[in-house]
1. From the cross-link list A:Lys106/A:Lys191; A:Lys191/C:Lys24; C:Lys24/C:Lys191, which pairs have alpha carbons spaced over 21 Å apart?
2. For a quick protection proxy, order the peptides B:157-164, B:59-66 by their average other-Cβ count within 10 Å, most packed first.
3. Using a ≥ b ≥ c from the Cα gyration tensor of the stretch A:67-162 (square roots of the eigenvalues), is it rounded, prolate or oblate, where a/c under 1.5 gives rounded and otherwise the larger of a/b and b/c decides, a/b for prolate?
4. Which value at 222 nm does chain B reach when only helices count, each DSSP H run of 4 or more adding -39,500 (n - 2.57), with the total divided by all residues and rounded to the nearest 500 deg cm²/dmol?
5. Can you list residues from other chains, or at least 5 along the same chain, whose modelled amide H is less than 5 Å from the amide H of C:Leu26?
6. Most exposed first by the Cβ proxy, i.e. fewest other Cβ within 10 Å, how do C:Thr150, C:Thr16 rank?
7. Give the Cα extents of the stretch C:2-198 along the principal axes, in whole Å, largest first.
8. Set the Förster radius R0 to 41 Å, insert the Cβ-Cβ distance between B:Gln86 and C:Ser157 as r into 1/(1 + (r/R0)^6), and round the FRET efficiency to 0.05.
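Taken together, the values in this text are just the output of simple stated rules run on the coordinates, not laboratory data. Predicted, not measured: the structure shown is a model, and the values here were computed from it. Using ideal geometry, Cβ is built from the backbone for each residue, glycine included, and neighbour counts are taken over all protein chains shown.
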Amino acid sequence: MEYILGMFSMGVFAITGVIATRHKNLDIFSVVLLGAITALGGGTIRDMILGNYPIYWVSDLWYLWVSVSVSFAAFFVIKALSNRYQLLLYLDALGVSLFSITAALKTTNLGYSPSIAVVMGIITAIFGGIIRDILSDSPCLLLSKELYATPVLVGLSIFVTLNHYWPNPALNVPLCVAMIFVMRSCAIFYKLELPKWFIARS
Amino acid sequence: MEYILGMFSMGVFAITGVIATRHKNLDIFSVVLLGAITALGGGTIRDMILGNYPIYWVSDLWYLWVSVSVSFAAFFVIKALSNRYQLLLYLDALGVSLFSITAALKTTNLGYSPSIAVVMGIITAIFGGIIRDILSDSPCLLLSKELYATPVLVGLSIFVTLNHYWPNPALNVPLCVAMIFVMRSCAIFYKLELPKWFIARS
Amino acid sequence: MEYILGMFSMGVFAITGVIATRHKNLDIFSVVLLGAITALGGGTIRDMILGNYPIYWVSDLWYLWVSVSVSFAAFFVIKALSNRYQLLLYLDALGVSLFSITAALKTTNLGYSPSIAVVMGIITAIFGGIIRDILSDSPCLLLSKELYATPVLVGLSIFVTLNHYWPNPALNVPLCVAMIFVMRSCAIFYKLELPKWFIARS
């Protein structure tokens, strides 16, 4: 179940990578490459920082095939998809929710402390998107004013606290994934920002 | 022979890194630093992803010295070189051909599967250039419309297939290097792009 | 003592990361994230290249807490700080001096050669800043005309030479840190550049 959800969120990330290239008139292989980097980038950086070798997609090639296949498919339906950018923001929110919580769970299971689990959850969830935005020369999502890092941080903090005092992944994982997804979705729908005194005005 | 070719292609990459800084009025050490990062970056990322420690230029310092020396020399002849940008595009094509095939061979020899070998060939060949373009604030070569990733992908696929059924590096390596180089050179000379239905129009 | 100085320089780096976001109207968590990445980025890349696991801030959480706390505090005084950009350039110079020399010492103590120590000193000192400038979409400090890499390189070369023939860290470390800091400070104060024939004109 978790494995399939992980694959699903990775596929969603690959699609956002493909969409990010829509104004560039790229050929298909560059598009697939960018989609795959977006899907695999965050987890790769997490595994490299933890020294957790072999990297997850090197030991299980299905991750590679899924991200490449989804990017490939997304390329051919790119016009339809770019008209559904709103839907995709929500799918991206779902991907971020799943990525952060499964990464935190994985890190905890490897024996690291809760703080490291939170950091790895953040890294996995947002670094793929940062690489995508840099490579495709798009405005960086992290630098937007809508809440992006905040829901992830709040959800992860609740997750590691729950997991520490009440280690029941079968319940905690879906709960916290849903929590992050709902918070981020509200941020997109209502264009939520933090209160003014939490924003750095120049 | 392979070792010398590897050094040669690395030197070519260093030169492209130096040329990328030509409009920036940088001092010599920044230029050498950028040249060296371009030359060593792709292989460093490959070794870090594979967990193949020590990184190749840490265990064999000659890679470091060659990339630094070539960048140093290129700095002083930068005007002459920037007038020969066409020649350099072809040298870059040669560098990419050599890098991708030797990386795929190295990855195969370490016991990884053909798919991982193809991925590592692509990473080694293009990530150095990506880092160069980001650091020097140039338009990213990967995002250009000319065929760039396609020749590398086709050549690598043929290489791992040949290598699997007919493991004779002495013949396969030069053959596939030449194949990628010729394809990429034609793409530069004839400004080849993929057929229209392979291009993502916005 | 060295440990405290290392923490101090990391805090200074975190502050420069926070200041780099001052024109972006970001919320607090994005700002703290960027500050922490700036503070921890250079050393993380160094440890990943050396394969020196666990990464320093994974094995000693105080690095993480200090960089997060300092970024947090800096966020609330960001207006006062941005008016003191000159002071901060000097603090950044101090951070770079400390980072480069302590990284070179650490690398030497791990048994690597002097050349690798110099390279790791450079990587630790400037990569955090490079990541900051890329993520915050600021002009890259490395690409500025003022001397930036040169003082670091000169100081590191003197340090590894001294350390090889006269291994007395208690004296060599403060001496070379001061040397880099003074050189870089002069570069900032007098707007020093290398002589014209050392600059790449296009």
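1. From the list (A:Lys106/A:Lys191; A:Lys191/C:Lys24; C:Lys24/C:Lys191), the Cα-Cα distance tops 21 Å for A:Lys106/A:Lys191; C:Lys24/C:Lys191.
2. B:157-164, B:59-66
3. Prolate is the answer for the stretch A:67-162, as a/c is 1.5 or above and a/b outweighs b/c.
4. So the calculated ellipticity at 222 nm is -25000 deg cm²/dmol.
5. A:Ala200
6. Taking fewest neighbouring Cβ atoms as first place, the list is C:Thr150, C:Thr16.
7. 51, 45, 25
8. Approximately 0.60, to the nearest 0.05.
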